[in-house]
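The values are calculated or read from the model by the stated rules, or taken from the named source; none is laboratory data. All figures in this text were calculated on a predicted structure; none of them were measured in a lab. Note: ideal-geometry Cβ built from the backbone for every residue, glycine included; neighbour counts use all protein chains shown. Calculation scope for accessible area: heavy atoms of the full protein, side chains included, ligands and nucleic acids excluded. Shrake-Rupley method; radii C 1.70, N 1.55, O 1.52, S 1.80 Å.
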Amino acid sequence: MNCYNLYKLLKEELGNGSNDLVTRQSGQAVRGRIERDLAQEKGGVIVALDFSRIGIIDYSCADEIVAKLVSRLLSSEYGDKYLTLTGLNENQKENIEVALERKDLAVMGEMRDGKHILLGSLNKYLKETLTLILKKGKISAKDLSETLKLESNTSGTRLLNLHKKRLVKRTDEMMAGGKVWVYEKI
């Protein structure tokens, strides 16, 4: 996992001495920097945006940075990469969540106390599946089918949808009978 210190990027891009992410223009500048750095990352990487040294993030900045990054990630503009947010406080979580929900997006996050959370919108079936993956660490479609008593095509669809939303990472592993997709938490 590669960690992007948002405080450091804010200082480098705006040089204004503030630790707050406010205004759409500030968000555009910081997102532009993140996108340039993201373009240099190899495929399959998990990038963590670290909010631990950030004070507040307002809605417009949350929309510019987080919602647009997630949206572009889902449209494959950055290739096979994953995003998570770390070091969040309650106020940051709230504004980021509103920005994501308004666009029907979701991203994984970690609060400053270490609690892992889902921010944004996700239907209850995918939430149920994601919760199981977070608990187990990783799961195959067959394991999901057996655990939740689902048809195999239903479990495969759920896992694929979580992967398309970049909420879980997908790898192939050799198991009895050949290669299978395994979905793991990020």
Inset, instruction - Give the number of residues within segment 27-43 that are open to solvent by less than 60 Å² (accessible area, probe 1.4 Å) and not small (G, A, S). - result: 8
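Going by what's in this entry, would Y125 be described as at pLDDT 95 or above and buried (at least 19 other Cβ atoms within 10 Å of the Cβ)?
It is false that Y125 is at pLDDT 95 or above and buried (at least 19 other Cβ atoms within 10 Å of the Cβ).
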Inset, instruction - Take segment 137-149 and flag every residue that is under 20 Å from K179 (Cα atoms), of a type outside the set (S, T, Y) and either open to solvent by less than 20 Å² (accessible area, probe 1.4 Å) or outside any helix (DSSP H, G or I) (or both). - result: G137, K138, I139, L144
Legend entry - Any chance S152 is open to solvent by less than 50 Å² (accessible area, probe 1.4 Å) and either at pLDDT below 95 or more than 18 Å from H116 (Cβ to Cβ) (or both): no
Inset, instruction - Filter segment 45-71 down to residues that are more than 17 Å from the chain's Cα centre (by Cα) and open to solvent by 10 Å² or more (accessible area, probe 1.4 Å) and give me whichever is farthest from E90 (Cα to Cα). - result: S60
Inset, instruction - Taking the options V98, V168, name whichever one is open to solvent by 30 Å² or more (accessible area, probe 1.4 Å), touching a Phe, Trp or Tyr at 6+ places or on another chain (Cβ under 8 Å) and within 30 Å of D58 (Cα to Cα). - result: V98
Legend entry - Subset of segment 1-12 [outside any strand (DSSP E or B) and open to solvent by 60 Å² or more (accessible area, probe 1.4 Å)]: M1, K8, E12
